[in-house]
Amino acid sequence: MKEYIECLKNDGVLAYPTDTVYGLCVRFDHKIACEHLRNVKHRPLEKSFPIMVCDVEQLKKVAIVNDIDLKLINKFMPGPITLILPKQNIIEPWMNDNRDTIAIRMACDDNLKNIIKEVGVPIFMTSANKSGEPVLKSAKEIREQLLVDAIFEGIPKGEMASTIVDCTNDYKVVRVGLISQKMIDETIGR
């Protein structure tokens, strides 16, 4: 575990098998780490990265949440869901392409939670692939196609990316995953 923590602390890119797909992550508070991740993915500048946190306390440091948001957080997080929420002032313009919102997930895996806790800050987490190409499904594929600093060996738990819910726009599902609009509506009571 220490090597993965040090990788992130030193602005490296870590490949990690998440609850959905293999992901790439870096610490979220260093611009050089974000640029490193952007270069690995060949990601356009105007497309920001989702943030992954280890717990609700860390989530509240980067996102503004209301009572309805908390219903979704308590029901589905950690889990295969990404919430688009208003950002806290800690989020600098380069972190989210100067938007008023951030996309946020909570780590499901205990090892990843511990890594994030030890790094001391949330991480940017995005799918392991070059932008516009299929997601890579194994450490072997990542080694062959991406230049990362470390790979946590393992198998992602699912084939499908997370559901994305825009909590700033009437709690609409903007990308379908395992969690449906009906499940969101039932949880928030409509």
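The values are calculated or read from the model by the stated rules, or taken from the named source; none is laboratory data. Computed from a predicted structure; not experimentally measured. When we count neighbours, we look across all protein chains shown, and the Cβ atoms used for this are built from the backbone with ideal geometry, even at glycine.
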Inset, instruction - Using the structure shown, decide if Lys9 is modelled with pLDDT of 95 or more and either surrounded by fewer than 19 Cβ atoms within 10 Å (Cβ to Cβ) or not aromatic (Phe, Trp, Tyr) (or both). - result: yes
Legend entry - Pair list, Cβ < 6 Å and 6+ apart or interchain, from the range 52-71 residues that are touching a residue at least 12 places away in the same chain (Cβ under 8 Å) and closer than 15 Å to Asp166 by Cβ to residues that are aliphatic (A, V, I, L, M) and part of a helix (DSSP H, G or I): Ile68/Ile188
Inset, instruction - Could you list all residues from the range 56-69 that are closer than 19 Å to Glu186 by Cα and out of contact with any helix residue (DSSP H, G or I) (no Cβ under 8 Å at 6 or more places or on another chain)? - result: Asn66, Asp67, Asp69
Inset, instruction - Filter the range 89-135 down to the residues that are more than 16 Å from Val26 (Cβ to Cβ) and among the hydrophobic types (A, V, I, L, M, F, W, C), then identify the one that is modelled with the lowest pLDDT. - result: Val135
Legend entry - Residue ID - surrounded by the fewest Cβ atoms within 10 Å (Cβ to Cβ), chosen from residues in the range 79-91 that are touching a residue at least 40 places away in the same chain (Cβ under 8 Å) and in contact with a helix residue (DSSP H, G or I) (Cβ under 8 Å, 6 or more places away or on another chain): Ile81
Inset, instruction - Just give me the residues in the range 152-190 being in contact with a strand residue (DSSP E or B) (Cβ under 7 Å, 6 or more places away or on another chain), among the hydroxyl-bearing types (Ser, Thr, Tyr) and under 14 Å from Met77 (Cβ atoms), in sequence order. - result: Ser162, Thr163
Legend entry - Criterion violated by Leu45 - all others in (1) touching a residue at least 40 places away in the same chain (Cβ under 8 Å); (2) over 19 Å from Phe124 (Cβ atoms) satisfied: (2)
Inset, instruction - Filter the range 165-190 down to residues that are at pLDDT 95 or above and assigned to a strand (DSSP E or B), then give me how many there are. - result: 5
Inset, instruction - Kindly check whether there is at least one residue in the range 109-130 that is over 19 Å from Leu8 (Cβ atoms) and either surrounded by fewer than 16 Cβ atoms within 10 Å (Cβ to Cβ) or touching a strand residue (DSSP E or B) at 6+ places or on another chain (Cβ under 6 Å) (or both). - result: yes
Inset, instruction - Please enumerate the residues belonging to the range 154-174 that are small (Gly, Ala, Ser) and either touching a helix residue (DSSP H, G or I) at 6+ places or on another chain (Cβ under 8 Å) or surrounded by fewer than 19 Cβ atoms within 10 Å (Cβ to Cβ) (or both). - result: Gly154, Gly158, Ala161
Legend entry - Extreme residue, farthest from Trp94 (Cα to Cα), among residues of the range 20-52 that are crowded, with 23+ Cβ neighbours inside 10 Å and among the hydrophobic types (A, V, I, L, M, F, W, C): Leu24
